[in-house]
1. In the stretch 30-78, what trypsin sites (Lys or Arg not before Pro) fall in a loop by DSSP, with at most 16 other Cβ atoms inside 10 Å?
2. Counting just the Cα atoms, what span does the stretch 3-102 cover along each of its three principal axes? Round to the nearest Å and put the largest first.
3. Which entries in 25/73; 11/73; 7/73; 22/67; 7/104; 7/67 show an alpha-carbon gap greater than 21 Å?
4. Please name whichever of 61, 43, 96 sits farthest to the positive end of the charge dipole of the stretch 3-102, dipole taken about the Cα centre and charges placed at Cβ: Lys and Arg +1, Asp and Glu -1.
5. What is the fewest-to-most order of 59, 97 by other Cβ atoms lying within 10 Å of their Cβ?
6. For residue 3, what residues show an amide H to amide H distance below 5 Å, using hydrogens built from the backbone and excluding near sequence neighbours?
7. Whose amide H sits under 5 Å from the amide H of residue 39, counting only residues 5 or more places off or on another chain, with H placed in the peptide plane?
8. Rounded to the nearest 0.05, what FRET efficiency is calculated for residue 28 and residue 88 with R0 set to 22 Å and r the Cβ-Cβ distance?
Amino acid sequence: MTFAVIKTGGKQYKVAANDVIKIEKLDAEAGDIVTFDEVLMVGDTIGAPLVEGALVAAELVETRKQKTVIIFKKRRRHNSRRRNGHRQLLSTVRITEILTGGAKPTIKAAAKAETTEAVTEKAPAKKATKKTEADAAAEAPAKKPAAKKAAATEDNAAEKPAKKAPAKKADKADKE
């Protein structure tokens, strides 16, 4: 089983065929074929600094954020604290091939994506039909006129007994 050491996103990864790795975010869509040109080592061959004609092909599975990393800084005896969070964007890739000698990658996933796009383009589009005013009126439900709120509040006021007015100070003095 051959392996390769590739460099991407400022980091180095040891990969083999059918490996699934998470790397720094790549600018590509899910299902696209991605190639890594910076191959540092293939099997026993070590590059100086890169292996000539070596290439690693991979399929981009997805791009998502990783779990939140908490950054907490504290300065002793100064009542100073700072808490922050960070979510790095990561791309998940599946290594398909490790190629040497300037070989080109076989395009399996890209061919699948092109065929699905071609099928969706060939699908017949629904024709827009013109509706007459009578058809539109028949389809639209009849709207009822809105009830007047003022009349409803008057009816409710008639049903409820009137509140007693608070007794005034003069009335209290007369009662005593």
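1. 67, 76, 77
2. Principal extents (Cα only, largest first): 61, 32, 19 Å.
3. In this structure, 25/73; 11/73; 7/73; 7/67 lie more than 21 Å apart at Cα.
4. Farthest towards the positive end: 61.
5. The most exposed by this proxy come first: 97, 59.
6. Those lying under 5 Å, H to H, from residue 3 are 43.
7. Placed amide hydrogens put 51 under 5 Å from residue 39.
8. 0.80
Just so you know, all these numbers are worked out from the coordinates, no wet-lab data involved. Everything numeric in this text was worked out from a predicted model, so none of it was measured. Here the Cβ is made from the backbone with ideal geometry for all residues, glycine too, and neighbour counts use every protein chain on show.
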